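To start, the structure under review is shown below, and the notes come after it.
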Amino acid sequence: MSLSTGDSMAIEHRAADWREYEMDWTGDPHPVKEPLEAEIRVVADALKALVRCGLLPHDAYDEERFLAHRAAVRERFDIPWTGISPRMERLLYAINAVVQPGVMVAAGIFCGNTFICNAGAAIGPGACYTAERLVGIEIVAGEAERAARNVATVDPAGQAEILAADAVEWLAANPGRIDLLYIDANGSYLPIVETAARTCLSRGSLVLAHNSVNLAAQLAPYLRFVRDPKNSVETVNVMIDDQGLEVTLWRG
């Protein structure tokens, strides 16, 4: 584990083996890549780094609830492929479990796996708190329908909102508080965060952007924007696998 300053004033947290911990996007969406104890340790180190940088208030989450969440998703969800590694799945759940966002919005949820990695802290067998609103947005209508079916298997009460929509348009038309915004929408990261900054984000909001490593060149405009001190209190590139997650505390 290392915590260092990289390019563009970026703080980076790196697991020792992040380069070798690769996701096969065409393979098993639930690969067993290491002993569970190693996964727990790597994610714990990342959470501690986020606490040290002031992005999280603490690093404690219920590991048994997470395993119940994971088991339900693996049993019930139709996931044709994913770039979300087991480490990243745990990290996303843990961040949401720690922050307990009242309003969580996930943009670019494909089949719903990325959505439930975040929302699983509030719905389903992994729930540890009650959210005010959970919104998942997917621009491809067929995948939004699949996501809705998947999420319904762990959310029979229908608390979550799964929408077939353009995230930029939705954020522009639906101003309101967002406590945690997750972005995984290829080609739209910067327009999404710029729109949310005008309508929904306030000081203390957390913004998570997947693919901060493997799509770093494509995400360069987004990364410059969130790493600008005018926009963020702090931001950390969490490198626990070959995909990466930029975690940003919004300045507002």
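The values are calculated or read from the model by the stated rules, or taken from the named source; none is laboratory data. Because the structure is a prediction, the values reported are computed rather than measured. All Cβ positions, even for glycine, are placed from backbone atoms using ideal geometry, and neighbour counts span all protein chains on display.
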Considering only region 133-143, I want to know if a residue exists there that is surrounded by fewer than 18 Cβ atoms within 10 Å (Cβ to Cβ) and touching a Gly at 6+ places or on another chain (Cβ under 8 Å). yes
I'm trying to understand the selection: among the residues of region 45-72, which are surrounded by 18 or more Cβ atoms within 10 Å (Cβ to Cβ) and either assigned to a loop (DSSP other than H, G, I, E, B) or touching a Cys at 6+ places or on another chain (Cβ under 8 Å) (or both)? 55, 56, 59, 61, 65
Total residues in region 128-146, condition hydrophobic (A, V, I, L, M, F, W, C) and farther than 22 Å from residue 65 by Cα: 5
Pick from region 144-159 the residues that are buried (at least 21 other Cβ atoms within 10 Å of the Cβ) and among the β-branched types (Val, Ile, Thr): which of them is nearest to residue 81 (Cα to Cα)? 151
Leading residue by the ranking (nearest to residue 72 (Cα to Cα)) among those in region 145-174 that are assigned to a helix (DSSP H, G or I) and without any contact (Cβ under 8 Å) to a residue 24 or more places away in the chain: 152
Under 6 Å by Cβ, and 6 or more places apart or on different chains, what pairs join a residue from region 92-119 that is at positive phi with one that is at pLDDT 95 or above and in a helix (DSSP H, G or I)? 110/143; 112/147; 112/150; 112/151
Can you tell me which residue is modelled with the lowest pLDDT among those in region 13-37 that are among the hydrophobic types (A, V, I, L, M, F, W, C) and surrounded by 14 or more Cβ atoms within 10 Å (Cβ to Cβ)? 23
